[in-house]
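S.K.: Can you read through this structure? Questions will come right after.
The values are calculated or read from the model by the stated rules, or taken from the named source; none is laboratory data. If you're wondering where the values come from, they're calculated on a predicted model, not measured in any experiment. Ideal geometry is used to build each Cβ from the backbone, glycine not excepted, and the neighbour counts take in all protein chains shown. SASA here: full protein model, heavy atoms, side chains in, ligands and nucleic acids out. Shrake-Rupley method; radii C 1.70, N 1.55, O 1.52, S 1.80 Å.
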Amino acid sequence: MKRLDSSAITAFKLVPSNFPSPSCDTDQKNSATIHEESRQPCKGLINANRFDDFGLKDTAKCFSECARSGNESCNLGNLQRYWLNYEIHLAEESLTETVNMGFLTALVKNISTSISEDLHFSLTPSQVPKQVTEDEHQHPDRVRLPRSLFESFQGSRPMVRLAITILDVGSGNVFKGPRLSLGDGSSVLNNHVVGLSLGHINVTGLAEPLEITFSHQHQPPNVTLSCVFWDVTKGSSGDWSSKGCSTEFGVNRTICRCDHLTFFALLLRPVLDQVTVKALTRISQAGCGTSMIFLAFTIVLYAVLRFSRQRFKFEDAPKIHVALSVSLFLLNLAFFINVGHGLKGSDAACWARGAVFHYFLLCAFTWMGLEAFHLYLLVIKVFNTYVGHYFLKLSLVGWGLPALIVIGTGSANSYGPYAIRDKKNTTTLELCWFCEKTATSALYVTVHGYFLITFLFSAVVLGLVALKIFTLSSATAGKEKGQHWKGVLTLLGLSSLVGVTWGLAILTPLGLSTTYVFALFTSLQGVFIFCWFVVLYFPSQSTMTSSSGTARADQALTVSHE
C-alpha cells in the first residue's frame, strides 16, 4: 500500500546572532567569528533560504570550490540541505514556472488530482524539463509519474504543485556522500541529480513506483550502475541510498523505479569481484617477486661492472638505470608489505605504510621521467648537453621531489585504510593507501595527475626517438641488413625504462582483460630492465660492430664528470 504523509519538512534557517554588549570581550569575539564565518557562502549560512538568482549562483560556486577534500570553508551538510530546501521553495512559494541556469534547470507545474493518465516529463539536462507524451525514442531521459500518485489527493485538494529540477553538481564533493569513493573512479552519472517534490508533502511508500530513465553510453563489464536517492537521515550530512529503489539495466539506458519523491541519481562504480581481486593480486605478487629478483641482479651487475670497468665510474646512463631499478625494487617491496599486512596494526602504522608506498611509487614515476629526460639529451639534443654534477642533480629530483609531495600529502592526514568492494559492497581487499572518504583530491593530483604528466612526457620523447631511429634506418637500409628490426628492439628496451607499460592503465576501463594485461606487464618491468641492461652492456661481437646508434650512444655518453 502507498503511504502519503503531509508532514512538513523543517527548512534550515539561519538564526542571526544578537549584537554583543560592548562590555563583554568574549561575546564580541564570538560574534565576530560567527559573522566572519557567515560571509563564506560554502559554509551554507549566508545564503540559507535565499533563493534569488544571486543566492543560487553564489551557492553554486561551491560545487567546484568544495572539490578539495578537507576544505574547511565548506559545510557539505548545509550546502546539500540548501538545494533540498530550494526544491521545496519552488513547489511552495516560487512564482516562476521555469528556471534555466547553467547549473540548474527546473519546471514548476500545477497538477490536477483528477488526471486520467500517467504523466511524462523529459529530463534532457541542457533543456528545461517539460511535459511530453510517452515517446521512448525522442526522449531518452525522462520521468514517468503514475496517476495514482495524484489521485490519492482527490479527497483533500483539487490540485498539487510539482517541482522537477535537474542539478549539475560538478565533480566536487557536494551530493557525493561517503558511499562514493571518488578515488577509484566512482561518480554520479554526468554529475546530474534529478529532484522531484510536492513541496512540504512527504511522499513515500508508493504502491506504483515512479520511473526515471537515464540514458548513457555502454558501460564496461567492471562498472556497476545503481539507482539511488539522497537520504538525509544517513550520517551527519546525508548519503546516497538504494532503499525503495530498483534498477533495470538496458543497453544504453537504465530505468530507476522508486517508491518516494526526493533527489535521485545513477551511480557508476568500478567493481572487482573477490575472485578477480585474488587473481590480480596473485599475478601482481608473482610478477613483483620475479621483478625484485631481476632488479637485484641488475643492481649487483652494475656493482660488478663499476669495479671491473673503469669507465663505469664516470658514465651517467647506467647510474640512472640503477636508480630506477632501486626505486622499483623498493616499490615492489612496499607493495608486498602493504598487501600482506592489510589493515593490521595501529592507525599510525597504517599511515606510515601508505606514505611509504606512495613515496616509492612517486620515486618510480620520477625516475622513469628522468630516464626520458636523459634520453632526450642523449638522442634529440645531442650537442651542448654538459651539465655540472648531472647525476647529483637528477638524484635530488628523483628522490627529493617525491619526498616533498609525500610530506605535503601526509600533513593533510591523507593516508589511512582503503578498501576495494564488489557489487554487493563486500570488501574484497584492504590495504593502507589514501583514505577513502577524505583524500580524493590528493589521490587525483599526486598520483593520477603526476603519473599522467610523466607518462605524456616519456611518450613524446619516445616518439621523437622512434622518428630518429627509423629515419636513420631508412637512410642506411642498403648498407646494413636488419637495421629496422634492431630499431624496433631498441624502442622496446627504451620503453621499459621510461615506463610505457604503465600507460596500459588508461585502457583498464575497457574491461577485465586489459586490467590483467596491465597487472602483468607493470609487475614484470624489472625483468625487462634487466634484459635491456644485459643486452646493452654485454653485447656480442656482432652487436659491437653493428648495434643501433641509440645503444652505442648510451654506452659512450658522458654528460658530466662528478
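S.K.: Looking at (1) more than 30 Å from Y86 (Cβ to Cβ); (2) over 30 Å from the mean Cα position of the chain (by Cα); (3) crowded, with 17+ Cβ neighbours inside 10 Å, which is the one condition that is false for F314?
M.R.: (3)
S.K.: Please give the number of the condition S64 fails out of (1) part of a helix (DSSP H, G or I); (2) open to solvent by less than 40 Å² (accessible area, probe 1.4 Å); (3) touching a residue at least 40 places away in the same chain (Cβ under 8 Å).
M.R.: Among (1) part of a helix (DSSP H, G or I); (2) open to solvent by less than 40 Å² (accessible area, probe 1.4 Å); (3) touching a residue at least 40 places away in the same chain (Cβ under 8 Å), the lone unmet condition for S64 is (2).
S.K.: Could you grab me the full set of residues in the range 520-545 that are at pLDDT below 85, assigned to a helix (DSSP H, G or I) and surrounded by fewer than 16 Cβ atoms within 10 Å (Cβ to Cβ)?
M.R.: Passing the criteria: Q541, S542, T543, M544, T545.
This table checks each residue for (1) closer than 17 Å to L375 by Cα; (2) modelled with pLDDT of 75 or more.
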site: V447; (1), (2): no, yes
site: Y450; (1), (2): no, yes
site: K486; (1), (2): no, no
site: V500; (1), (2): yes, yes
site: A505; (1), (2): no, yes
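S.K.: Please tell me if E248 is in a strand (DSSP E or B), modelled with pLDDT of 90 or more and either open to solvent by 40 Å² or more (accessible area, probe 1.4 Å) or over 27 Å from T276 (Cα atoms) (or both).
M.R.: Here the answer is yes, as E248 does meet what is asked.
S.K.: Here is a follow-up. Residues that are assigned to a helix (DSSP H, G or I), crowded, with 16+ Cβ neighbours inside 10 Å, at negative phi and not acidic (D, E): does the range 67-76 have at least one?
M.R.: Yes, some residue in the range 67-76 is assigned to a helix (DSSP H, G or I), crowded, with 16+ Cβ neighbours inside 10 Å, at negative phi and not acidic (D, E).
S.K.: Okay, next question. Checking I299 against (1) among the β-branched types (V, I, T); (2) under 29 Å from L497 (Cα atoms); (3) within 23 Å of the chain's Cα centre (by Cα), only one condition comes out false. Which one?
M.R.: (3)
S.K.: When you scan the range 267-274, do you find a residue that is open to solvent by less than 10 Å² (accessible area, probe 1.4 Å), within 30 Å of N85 (Cα to Cα) and hydrophobic (A, V, I, L, M, F, W, C), even just one?
M.R.: The answer is yes, given that some residue of the range 267-274 is open to solvent by less than 10 Å² (accessible area, probe 1.4 Å), within 30 Å of N85 (Cα to Cα) and hydrophobic (A, V, I, L, M, F, W, C).
S.K.: Could you check the range 129-186 and list, in sequence order, the residues that are small (G, A, S), within 30 Å of the chain's Cα centre (by Cα) and at pLDDT 85 or above?
M.R.: Within the range 129-186, G170 is the sole residue that qualifies.
S.K.: In the range 113-131, which residues are open to solvent by less than 40 Å² (accessible area, probe 1.4 Å) and more than 24 Å from V188 (Cβ to Cβ)?
M.R.: Answer for the range 113-131, where residues must be open to solvent by less than 40 Å² (accessible area, probe 1.4 Å) and more than 24 Å from V188 (Cβ to Cβ): T113, I115, L119.
S.K.: Given the condition among the acidic types (D, E) and modelled with pLDDT under 90, answer yes or no: does some residue in the range 72-88 qualify?
M.R.: yes
S.K.: Right, another one. Are there any pairs with C-beta distances below 6 angstrom linking a residue in the range 100-125 that is in a strand (DSSP E or B) to a residue that is loosely packed, with under 13 Cβ neighbours inside 10 Å, with the two at least 6 apart or on different chains, and if so which?
M.R.: Cβ pairs passing all conditions: L107/T98; V108/E97; N110/M159; S112/M159; H120/E134.
S.K.: Any idea which of A323, A279 is outside any strand (DSSP E or B), surrounded by 15 or more Cβ atoms within 10 Å (Cβ to Cβ) and at pLDDT below 85?
M.R.: Being outside any strand (DSSP E or B), surrounded by 15 or more Cβ atoms within 10 Å (Cβ to Cβ) and at pLDDT below 85 holds for just one of A323, A279, which is A279.
S.K.: Quick one: is V517 farther than 30 Å from A403 by Cβ and modelled with pLDDT under 85?
M.R.: When the stated conditions are applied, V517 does not pass them.
S.K.: Taking T233, is it farther than 23 Å from F150 by Cα, open to solvent by 30 Å² or more (accessible area, probe 1.4 Å) and either polar (S, T, N, Q) or touching a Cys at 6+ places or on another chain (Cβ under 7 Å) (or both)?
M.R.: In short, yes.
S.K.: Output the number of residues of the range 354-398 satisfying the condition of being open to solvent by 40 Å² or more (accessible area, probe 1.4 Å) and either touching a strand residue (DSSP E or B) at 6+ places or on another chain (Cβ under 7 Å) or not in a helix (DSSP H, G or I) (or both).
M.R.: Of the residues in the range 354-398, 7 are open to solvent by 40 Å² or more (accessible area, probe 1.4 Å) and either touching a strand residue (DSSP E or B) at 6+ places or on another chain (Cβ under 7 Å) or not in a helix (DSSP H, G or I) (or both).
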